[in-house]
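Taking it in order: structure first as structure tokens, then the write-up.
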Amino acid sequence: MTATPATAGPEVASREVSLELIGLTRRFGSVVALDGLTFSVPPGEVFGFLGPNGAGKTTAMRAIFGVVALEAGQVRWRGRPVTEEDRHRFGYMPEERGLYPSMQILDQLEYLGRLHDMTAPAARAAARGWIGRLGLAGRESAKLEALSHGNQQRVQLAAALMHDPELLVLDEPFAGLDPGGVDDMTAILAERARAGVTVLFSSHQLDLVEHVCEAVAIIHRGRVVAQGAVAGLERGARSRLAVRVAGDPAGGWARRLDPRVATVERVDADGTVLLVLAPDADSQRVLDAARAAGAVEHFSFATRRLSEVFREVTGEDA
Amino acid sequence: MTAAGPGSRRSANRRWLRLTAIVAEREIRQRVRSRAFAVSTIVLLLVVAAGVTIPAIVAHNAKPQRVGIVGGQAAAMTEIVTEAGHLTGTAVTVVREPSVAAAGAALRSGRLDVVLVDDREVVVKQVSVTGSGGSGGGLPAAIADVAGLSRLLGQLPPGASARGVTLPVRGLTPPAAGLSRRLTGLFTVVLVWILISAYGSQIAMGVGEEKANRIVEVILASVRPIQLLVGKVAGIGILALAQAALMVATFLGLGAAVGSSLVHGAAPGIVITGAVFLVLGYAFYCTAFAAAGSLVSRQSDVGTVILPVQIPLIIAYALSYTVIYANGANAFYHVLGFLPPTAPVAMPVLYAAGDVPAWQAAVSAALVAVGTVWMARTAATIYGRSILRTGSRVRLRQVLARDAGG
């Protein structure tokens, strides 16, 4: 576990922020759920919130809504401490889905909309709109329990979106969705972000996160261990190169490189050498060395998968 | 957190009430729509209707009343008794008794129901205070009327007014203080008991459902636990009161229509006392049921956690029958009448049975009101602390031991 959070470049600090979690601390008995958790989420972006099971993601999300009491720390919205009025303009999809099983879905959504300060007619209209949008038209008077698991999930999403929230917090929104459901969810999250909504969601499906999010925070044992733009995290702090030279499956040429230029991280079975470029070193010197060793079949800047980053900073599998 | 001006506070209060009202409205709407509500309302009304009309019908078709006659002209007296039987719709059998003493013995042993002594008096075993609640319905009074009138008719010119000629009706034993009052008291207690336990367990089930389904997490993201709690018990309470009002209206309306003796006993005091303690009892118990419901993590556990809440009610309810059917309450039951958990059931019984004066009922009501405030605070704390706790069932001691920061 790294002690200092790895951040990807100075652009994070200069960006506008809407949601800030500052030093959130909460213990449950001897278990530390949040240990001074600090990160911020810019508006109009889909922000991924990652971490192994038990890292404190759900507790942090609950803290945003005030449903879990904090021992220390503060949740801020648009530069000031979050208020109850603010929370009425937030949308929440908790990890443990929960709606009334024997209530008709239209009534249910209307009810939840009204609890977020909508008038009854506006809430009803919005409920109909989302029911149609999520492919549930004609099921308005169905009871929730009569719907399939995936459709219940859609209703749960509609419940979070009903009142056109300024902040959308979704705990594992992709869990249990079929590919069509994943596409719908992705499209809706992207659309909301484009409309200026701050979208924060947690997930274990890192391939999906890579695809959906612009930026992420990775937390472990209640602390942020990495955060920043997805592209930056994947590039890493130092540039890496993937080079393959014909006729040298062991990558012997690379081991002769000056360590002040680059060092070998690993050699793959097909002879591709993964190199970490020294700071300020010129990648062309590596190319020169490779060409001197033989025909260069492959030369590129290497990126890590988000899952690799995750494994590195948490020491755990995704 | 918000600006503390009086205007913003007022608008915050309005908002608080509005959200609470939305919660209450959902409770009412969902229940009124359910088949279970329609069925339970109809069943309760049928029970009330049966309770009122069947005794009245039975009284009208009472077993033939055996009327003893002592002295005088047997034929004339038989005619009087038969006429009184016609008037009250009661079949009568006339039996000649040799003496007042013999007739009295027959009354005591139950061989006779009423005795007409010549032109002088009508004797029954026990006079009913309300005049119609005693054995044989209105027969003794009718015999007294007819006999008095026929004695007079022989002496008066035609057209003369015949008022105040009824023979005295004498009872052999002191009158029982309003059996019908007691029965009205019983009706009240049954109503209080049914409504508190039925609606109380609905509250606990509803809270347990919300917790088990985790919908609380969605709702508590926009309302506070106390609003959810108040909205729920207010919504269900309004329904409980509406159902109670319907039952009382049926009781009074049908009772008046069939001339039930139960309704004659429904002195306004008993009805008011019953209503006050119904409201207080609901208020006292509703938050306790909600707190109990918030401890479970599966809905199936609700039955287990509400039993301790119901025990005081069960005790008071079970003992109330002994008070109603025996004459008077013992000291223990009097104590129950002043303890907030048992008073909502015990006090209406004591009052209906005439065992306590009105001021004592008022003192008891005040004690329950104080107890309700305490209970609401405690229950709201328990509810607020345990409603979002998942995992195994929350122990009460755990919840109460935690500091306010939890």
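The values are calculated or read from the model by the stated rules, or taken from the named source; none is laboratory data. Remember, it's a predicted structure, so these values are computed and weren't measured experimentally. With ideal geometry, Cβ positions are generated from the backbone for all residues, glycine too; neighbour counts draw on all protein chains shown.
Checked against the criteria, residue A:255 does not count as without any contact (Cβ under 8 Å) to a residue 12 or more places away in the chain and closer than 22 Å to residue A:47 by Cα. Among the residues making up the range B:98-109, those that are surrounded by fewer than 22 Cβ atoms within 10 Å (Cβ to Cβ) and either among the polar types (S, T, N, Q) or under 18 Å from residue B:81 (Cβ atoms) (or both) are B:98, B:99, B:100, B:102, B:104, B:106, B:109.
When residue B:52 is tested against (1) modelled with pLDDT under 80; (2) out of contact with any helix residue (DSSP H, G or I) (no Cβ under 8 Å at 6 or more places or on another chain), just one condition goes unmet, and that condition is (2). Per the conditions (1) modelled with pLDDT of 85 or more; (2) not assigned by TED's automatic domain parsing to the domain that holds residue A:49, the sole criterion not satisfied by residue A:251 is (1).
What helices (runs of 4 or more DSSP H), lying completely within the range A:190-295, carry at least 3 residues that are within 15 Å of the chain's Cα centre (by Cα) and among the hydrophobic types (A, V, I, L, M, F, W, C)? Fully inside the range A:190-295 and qualifying: A:206-212, A:230-235. Looking only at residues that are loosely packed, with under 15 Cβ neighbours inside 10 Å and not in a loop (DSSP other than H, G, I, E, B) in the range A:99-124, which one is farthest from the other protein chains (Cβ to nearest Cβ)? Applying the filter and picking the extreme gives A:121. Considering only residues that are crowded, with 24+ Cβ neighbours inside 10 Å and either over 19 Å from residue A:97 (Cα atoms) or away from every other protein chain (no Cβ under 13 Å) (or both), which ones fall in the range B:209-229? Matches in the range B:209-229: B:229 only. Annotation: of all residues in the range B:341-355 being assigned to a loop (DSSP other than H, G, I, E, B) and at pLDDT 85 or above, the one that is surrounded by the most Cβ atoms within 10 Å (Cβ to Cβ) is B:342. Condition check: modelled with pLDDT of 85 or more and within 14 Å of another protein chain (Cβ to nearest Cβ). Does residue B:39 satisfy that? When the stated conditions are applied, residue B:39 does not pass them. Here is the figure for the range A:235-248: residues that are at pLDDT below 80 and surrounded by fewer than 17 Cβ atoms within 10 Å (Cβ to Cβ) total 2. Considering (1) surrounded by 24 or more Cβ atoms within 10 Å (Cβ to Cβ); (2) away from chain A (no Cβ under 14 Å), say which one residue B:237 fails and leave the rest. Only one criterion is unmet by residue B:237, namely (1).
Residue pairs whose Cβ atoms lie under 6 Å apart, sitting 6 or more positions apart in sequence or on different chains, and linking a residue in the range A:28-48 that is in a loop (DSSP other than H, G, I, E, B) to a partner that is buried (at least 23 other Cβ atoms within 10 Å of the Cβ) and hydroxyl-bearing (Ser, Thr, Tyr), are A:43/A:198. For the range A:265-307, the tally of residues that are within 24 Å of residue A:210 (Cβ to Cβ), of a type in the set (Val, Ile, Thr) and free of Cβ contacts under 8 Å to residues at least 40 places away in the same chain stands at 2. Mind listing just one residue for me: the one in the range A:69-98 that is more than 7 Å from every other protein chain (Cβ to nearest Cβ) and among the β-branched types (Val, Ile, Thr) and, of those, nearest to the chain's Cα centre (by Cα)? For the range A:69-98, the residue satisfying everything is A:75. Based on what the data block shows, is residue A:134 more than 20 Å from residue B:216 (Cα to Cα), surrounded by 16 or more Cβ atoms within 10 Å (Cβ to Cβ) and in the same structural domain as residue A:191 (by TED's automatic domain parsing)? In short, yes. Keeping to the range A:145-159, report how many residues are hydrophobic (A, V, I, L, M, F, W, C) and surrounded by fewer than 22 Cβ atoms within 10 Å (Cβ to Cβ). Number satisfying all stated conditions: 2.
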